[in-house]
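The values are calculated or read from the model by the stated rules, or taken from the named source; none is laboratory data. Predicted, not measured: the structure shown is a model, and the values here were computed from it. As a convention, Cβ positions derive from the backbone with ideal geometry for all residues, glycine included, and neighbour counts pool all protein chains shown. Side chains are part of the model used for accessible areas, which takes the heavy atoms of the whole protein and leaves out ligands, DNA and RNA. Shrake-Rupley method; radii C 1.70, N 1.55, O 1.52, S 1.80 Å.
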Amino acid sequence: MPHRPDFSQHRPDQRFDSYRQRVGRLHRGETEVGFLLIEVKPYYEQVGGHLWWRRWGPVHDVLWESTLVDGKHSDSLVPDDTSTDVLRAYGAGCFDYYGEALRVVWTDREASRRLRESHFGR
């Protein structure tokens with residue numbers, strides 16, 4: 001039994017490519033209130049065993065949202081069963097911030113890189 005998941009069969013999820021490492025500017029009405037960083041990360045779960053006899057499920061990509069809103073940082077994993085709806089909302093310029101609908105304006109790759117480094121340290 002492997003100690004670690006098998007990444008050899010992992011293929012990046014192309015649905016996420018438009019938002020991979022992207023930063024959006026978040027707005028409440030016309031006022032900019034923060035930023036949203038989308039990262040795509042490989043994810044796996046232990047499906048059985050323990051110690052050195054662990055068994056792993058398949059490796060797949062998930063969306064990871066990091067926010068800086070009103071000076072507060074938070075982050076969360078987007079559950080697999082909601083990722084299609086979340087992608088649809090991103091495309092429509094919407095972001096659900098703890099039940100509050102914010103408008104998101106996506107930056108280009110270069111601006112995303114600068115904002116990622118300056119506001120998220122990545």
Query raised in the report: Does the range 93-108 contain at least one residue that is of a type in the set (A, V, I, L, M), open to solvent by 70 Å² or more (accessible area, probe 1.4 Å) and modelled with pLDDT of 95 or more?
Result: yes
**Report entry** Residues of the range 92-121 satisfying the condition of being of a type outside the set (Asp, Glu) and free of Cβ contacts under 8 Å to residues at least 60 places away in the same chain
**Finding:** Ala92, Gly93, Cys94, Tyr98, Gly99, Ala101, Arg114, Ser118, Gly121
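Taking Asp17, is it of a type outside the set (Val, Ile, Thr), open to solvent by 40 Å² or more (accessible area, probe 1.4 Å) and part of a strand (DSSP E or B)? Break it down stepwise before answering.
Numbers: of a type outside the set (Val, Ile, Thr): yes; open to solvent by 40 Å² or more (accessible area, probe 1.4 Å): yes; part of a strand (DSSP E or B): no.
Here the answer is no, as Asp17 does not meet what is asked.
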Requested in this report: Please verify whether the range 73-81 includes one or more residues that are in a helix (DSSP H, G or I) and aliphatic (A, V, I, L, M).
Outcome: no
Report task. Test Asp75 against the stated conditions and say whether it is touching a strand residue (DSSP E or B) at 6+ places or on another chain (Cβ under 8 Å), open to solvent by 70 Å² or more (accessible area, probe 1.4 Å), under 21 Å from Arg122 (Cβ atoms) and modelled with pLDDT of 95 or more. Result -> yes
Query raised in the report: Here are some conditions: (1) part of a strand (DSSP E or B); (2) surrounded by 12 or more Cβ atoms within 10 Å (Cβ to Cβ); (3) more than 11 Å from the chain's Cα centre (by Cα); (4) free of Cβ contacts under 8 Å to residues at least 24 places away in the same chain. Val62 meets all but one. Which one does it not meet?
Result: (3)
